[in-house]
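Heads up, the thing below is written out as structure tokens.
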């Protein structure tokens with residue numbers, strides 16, 4: 001039995017769910033609420049962080065451990081690319097999204113606009129939003145540069161870089177904060193990702209009380 005404890009609009013959760021689907025590994029969904037971990041989740045991870053992947057008797061706490069485990073335990077299909085140089089680039093991009101993009105953009109936009117209200121009943125700070133929008137522009141310019149010359153983010157192979165990037169960007173896209181017309185190559189790449197069967201279920205997920213951007217579920221927008 002394989003179980004994933006996760007939340008629909010946690011980018012780290014999306015990353016592992018997407019990876020599991022790409023590797024065609026069946027799993028049971030155990031839905032959690034961000035900031036309100038269940039007793040079962042706390043018994044597996046006392047910090048209450050998401051996601052937690054349980055595979056038989058093995059418990060993988062957090063997204064980094066889970067993705068590395070999946071690549072080691074289930075090497076087909078390969079999602080790290082071929083060769084040391086490619087794998088280094090994949091890990092660089094994964095780290096960029098999981099650390100820098102998350103702090104610069106997800107935390108300043110999605111958390112500030114959505115989660116802050118839902119969890120703490122507080123209004124967003126306009127100064128933080130302004131900073132988040134500016135940083136989103138900078139990050140999207142980098143994505144645009146990558147996709148102008150690469151079929152996928154790290155190069156010719158679909159990888160954990162694309163999985164991770166799409167997991168983060170899709171959360172921001174849900175609230176309509178990405179101006180895709182300014183980034184045509186990035187948009188073309190994202191359309192390819194949205195069209196993958198493993199990604200499509202995410203496009204049907206709805207955040208309670210928050211309507212998605214009109215184009216969010218469209219494969220070609």
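The numbers here are math on the coordinates, done by the rules we state, and not lab data. Because the structure is predicted, anything quoted here is derived from the model rather than measured. Using ideal geometry, Cβ is built from the backbone for each residue, glycine included, and neighbour counts are taken over all protein chains shown.
In table form, for the structure just shown:
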item	result
Filtered residues of region 186-212 (kept if closer than 16 Å to residue 15 by Cβ and in contact (Cβ under 8 Å) with a residue 60 or more places away in the chain)	196, 198, 199, 201, 202, 205
Test for residue 170: is it over 19 Å from residue 214 (Cβ atoms) and touching a residue at least 60 places away in the same chain (Cβ under 8 Å)	no
Verdict on residue 117 being within 18 Å of the chain's Cα centre (by Cα), closer than 22 Å to residue 32 by Cα and part of a helix (DSSP H, G or I)	no
